[in-house]
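Let me begin by presenting the structure, written as structure tokens, before commenting on it.
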Amino acid sequence: MDIPSRPLPPEAAKRLSVAEYHGEKLQDDYAWLRAPNWQQVMRDPSVLDPEIEAYLTAENKYTDAVLGETEALQTALFKEMKGRIKEDDSSVPSPDGRYVYYTRFVTGGQHPLFCRRPIQRDASLGEERILLDGNALASEHAYFNIGGVDHSPDHSLIAYAADTKGSEFFDIKIVEAETGDQVGETIPDSNGGMSWGADSDALYYVWVDEEHRPREIRRHTLDQEDADAVVFEQHDPAFFLASARPRAAASSPSPPMTTRRRRSASSI
């Protein structure tokens with residue numbers, strides 16, 4: 001019986017690198033695989049060192065070759081797991097003012113649809129409006145992940161965050177709820193967290209720095225010409241920032257900000 005030969009795994013070149021920490025020297029033959037410009041690579045994968053990219057590509061090809069004989073099994077397992085999931089599932093409608101908001105999925109789709117229905121005088125629900133179609137938004141990108149989604153208190157605008165590179169740097173866009181047309185410029189460098197001010201004229205969002213640390217709460221005002229204002233900055237790297245607007249605080253002029261450590265939280 002002939003046993004098919006397996007492909008040989010790629011071998012990364014050894015390049016000695018010595019680093020010293022607390023008086024201890026550490027030797028690493030593969031430190032070169034950690035791109036020194038990794039922050040830029042997170043934003044733009046095309047700037048990755050071609051030699052590193054070539055090695056990663058070789059690793060992926062090796063994986064595909066070794067697991068090639070299991071493709072039929074992989075397909076069967078995927079179908080079995082998928083068959084146990086309700087593909088056209090939906091969330092419980094959440095009432096807010098004169099609308100109920102909810103998300104739902106469609107069979108064969110990978111991303112949620114964000115929808116709302118008006119509440120009629122007899123408490124019945126009116127016709128559905130799809131505010132954001134995650135599948136349609138994803139169709140233009142090789143990678144797509146939708147983050148936070150928030151509607152303005154006056155229900156006229158929808159803000160959503162999306163990562164199209166896998167970097168977890170989210171771009172925020174604001175669109176009109178009725179038409180889907182974008183309002184203003186795209187807001188870059190967010191972690192996807194956001195919340196509207198009570199007047200529906202300002203969006204508060206979490207800005208991340210080059211280390212991908214959520215460091216600032218910024219305020220973006222519609223139709224503004226100046227840069228977004230920094231409302232709060234957390235200098236301590238042990239803390240993370242978040243912004244939220246509880247419904248009970250809808251009359252507040254701005255959303256509360258929270259600074260969060262791994263095991264504790266405190267309000268700002």
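Considering region 147-161, and only residues there that are of a type in the set (A, V, I, L, M, F, W, C) and under 11 Å from residue 193 (Cα atoms), the residue that is nearest to the chain's Cα centre (by Cα) turns out to be 161. Going by the structure shown, is residue 31 under 27 Å from residue 142 (Cβ atoms) and either modelled with pLDDT under 95 or outside the structural domain of residue 168 (by TED's automatic domain parsing) (or both)? Criteria not met by residue 31.
Residues are listed down the side, and each one gets a yes or a no for (1) modelled with pLDDT of 95 or more; (2) surrounded by 12 or more Cβ atoms within 10 Å (Cβ to Cβ):
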{"position": "55", "(1), (2)": "yes, yes"}
{"position": "58", "(1), (2)": "yes, yes"}
{"position": "68", "(1), (2)": "no, no"}
{"position": "73", "(1), (2)": "yes, no"}
{"position": "77", "(1), (2)": "yes, no"}
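Just to be sure, is residue 83 surrounded by fewer than 10 Cβ atoms within 10 Å (Cβ to Cβ), over 24 Å from residue 166 (Cα atoms) and small (Gly, Ala, Ser)? Taking the combined requirement at face value, the residue satisfies it. When the criteria are applied in full, residue 236 fails the requirement of being touching a strand residue (DSSP E or B) at 6+ places or on another chain (Cβ under 9 Å) and closer than 30 Å to residue 45 by Cβ.
Here residue 107 clears all of (1) more than 16 Å from residue 149 (Cα to Cα); (2) surrounded by 14 or more Cβ atoms within 10 Å (Cβ to Cβ) except the condition numbered (2). Of all residues in region 172-191, one or more are surrounded by 14 or more Cβ atoms within 10 Å (Cβ to Cβ), under 16 Å from the mean Cα position of the chain (by Cα) and either assigned by TED's automatic domain parsing to the domain that holds residue 108 or polar (S, T, N, Q) (or both).
For beta carbons closer than 8 Å, sequence separation of 6+ or different chains, a first residue in region 61-84 that is in a helix (DSSP H, G or I) and a second that is of a type in the set (S, T, N, Q), the qualifying pairs are 67/74. Contact map, region 14-28: residues that are free of Cβ contacts under 8 Å to residues at least 12 places away in the same chain paired with residues that are of a type in the set (Asp, Glu) and surrounded by fewer than 10 Cβ atoms within 10 Å (Cβ to Cβ), Cβ distance under 9 Å, separation 6+ or inter-chain. Pairs shown: 26/20.
Summed over region 130-171, residues that are more than 20 Å from residue 107 (Cα to Cα) and either assigned to a strand (DSSP E or B) or β-branched (Val, Ile, Thr) (or both) total 15.
The values are calculated or read from the model by the stated rules, or taken from the named source; none is laboratory data. The structure presented is a predicted model; accordingly, all values stated were derived computationally and were not measured. Ideal geometry is used to build each Cβ from the backbone, glycine not excepted, and the neighbour counts take in all protein chains shown.
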